[in-house]
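**Student:** Structure in structure tokens, see below.
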Amino acid sequence: MTDFTDLLDGYGRFRSSEYRRHRERWVELSEGQNPRVMVIACSDSRVDPAQVFDTVPGEIFVVRNVANLVPPFEMGGGRHGVSAALEFAVTQLEVPEIVVMGHGACGGVGAALSRRFAGEAPGAGGFIAHWVDMLDEARDRIVAQHGDGPEAVRALELETVRVSIANLRSFPFVAEREAAGTLTLHGAYFAIADGVLHVMDDVGEFAPA
């Protein structure tokens, strides 16, 4: 089991090996970043985008949250962490591509499907419930078609990607750049059980990469 002491040990290995080996790159990165791709992924400890896509520091701008969700464009109060990161990536870093990556065995999807935190107070599941309720419409449609078994779980995991991409297009600065051809949106799904990455096509269907 990894604890903070183990993390510090890992830092020591990093500092004496990877950092030293790629010293010139780190010096270059200290001057700024210029990633070409933004990746929106789940916080799940098993699906690190940098590992799945075999990238090095500076290559991808990553946002991770429960169930890899993008909220719709909103002007109201509150803290908009995902929206702020999206705005920074698109308008400041000017990334030309965004990837939304869902994954198998997603706990956030399980919570959305079961609604087990519905009505709970913040700190007892309420924050989770309010976050994954972005999937309510898709959840009801999928349950009506598949029930709440394994087929429904997989269907809703894929739907997180479609919902997030639809919500991305509700941001004016995203829609404008996509229409102009300077920004491309991609969907992907990583199956933990077999390690296969599935890529979404233009009509929303997924196939192995």
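Bear in mind these aren't lab numbers, they're just calculated from the coordinates by the rules spelled out. In this text, all values refer to a predicted model and were calculated from it rather than measured experimentally. Cβ: placed from backbone, ideal geometry, glycine included. Neighbour counts: every protein chain shown.
**Student:** Can you work out the FRET efficiency for the pair H186 and V27, with r the C-beta to C-beta distance and R0 = 25 Å, to the nearest 0.05? Write out the running numbers ahead of the final one.
**Tutor:** Working: r = 31 Å, r/R0 = 1.25.
Result of the calculation: an efficiency of 0.20.
**Student:** Return the long-range amide H neighbours of D44 (sequence gap of 5 or more, or a different chain), with a cut-off of under 5 Å between placed amide H atoms.
**Tutor:** It is A67, by chain and number.
**Student:** Follow-up question, since we're still on this one. How big is the equivalent ellipsoid of the chain along its three axes, where each semi-axis is √(5λ) from the Cα gyration tensor, reported in whole Å from largest to smallest? Each step should come with its number before you reach the end.
**Tutor:** On the way: eigenvalues 175, 99, 65 Å².
Working from the Cα gyration tensor, I get semi-axes of 30, 22, 18 Å.
**Student:** Something else: Under a point-charge model restricted to the Cβ atoms of Lys and Arg (+1) and Asp and Glu (-1), what is the dipole moment magnitude of region 26-182 relative to its Cα centre, in debye to the nearest 20? Mind showing how you got there, number by number?
**Tutor:** Values: 12 positive and 21 negative charges, 67 e Å.
The calculation lands at about 320 debye.
**Student:** Enter the angle in degrees (range 0 to 90, nearest 10) between the Cα long axis of helix 150-168 and the first principal axis of the Cα atoms of the chain, meaning the one along which they spread out most.
**Tutor:** Compared with the principal axis, the helix lies near 70 degrees.
**Student:** Still on this structure, I have one more. Report the Cα centroid-to-centroid distance between region 2-75 and region 137-209 in angstrom, as an integer.
**Tutor:** The distance from the Cα centre of region 2-75 to that of region 137-209 comes to 23 Å.
**Student:** Let me check against my output: what whole-number percent is the relative contact order of the chain, with C-alpha pairs under 8 Å and at least 6 apart?
**Tutor:** On the way: 287 pairs, mean separation 43.4, N = 209.
Rounded, it is 21 percent for the chain.
**Student:** Oh, and also: Around H103, which amide H atoms from residues at least 5 apart in sequence, or from another chain, sit under 5 Å from its own amide H, with H modelled in the peptide plane?
**Tutor:** F190
**Student:** Kindly write out, for region 52-61 in residue order, the coupling ³J(HN,Hα) from the Karplus curve 6.51 cos²θ - 1.76 cosθ + 1.60 (θ = phi - 60°), rounded to whole Hz, with x marking Gly and Pro.
**Tutor:** Working through the residues one at a time gives 4, 9, 6, 9, 10, x, x, 8, 10, 9 Hz.
**Student:** Once phi is turned into θ = phi - 60°, what whole-Hz ³J(HN,Hα) does the Karplus curve with 6.51, -1.76 and 1.60 give for every residue of region 186-198, x standing for Gly and Pro?
**Tutor:** Karplus values, whole Hz, x for Gly and Pro: 10, x, 8, 8, 9, 8, 4, 4, 10, x, 9, 8, 10.
**Student:** Tell me the angle of helix 4-16 to the major Cα principal axis of the chain, expressed in degrees between 0 and 90 and rounded to the nearest ten.
**Tutor:** 40
**Student:** Got a sec to turn the phi values of region 138-147 into Karplus ³J(HN,Hα) couplings, 6.51 cos²θ - 1.76 cosθ + 1.60 with θ = phi - 60°, whole Hz, x for Gly and Pro?
**Tutor:** Once rounded to whole Hz, the list reads 5, 4, 5, 5, 6, 4, 4, 8, 10, x.
**Student:** Mind listing the long-range amide H neighbours of F61? Cut-off is under 5 Å, sequence gap 5 or more, other chains count too, H placed in the peptide plane at 1.01 Å from N.
**Tutor:** Amide H neighbours of F61: V37, M38, V39.
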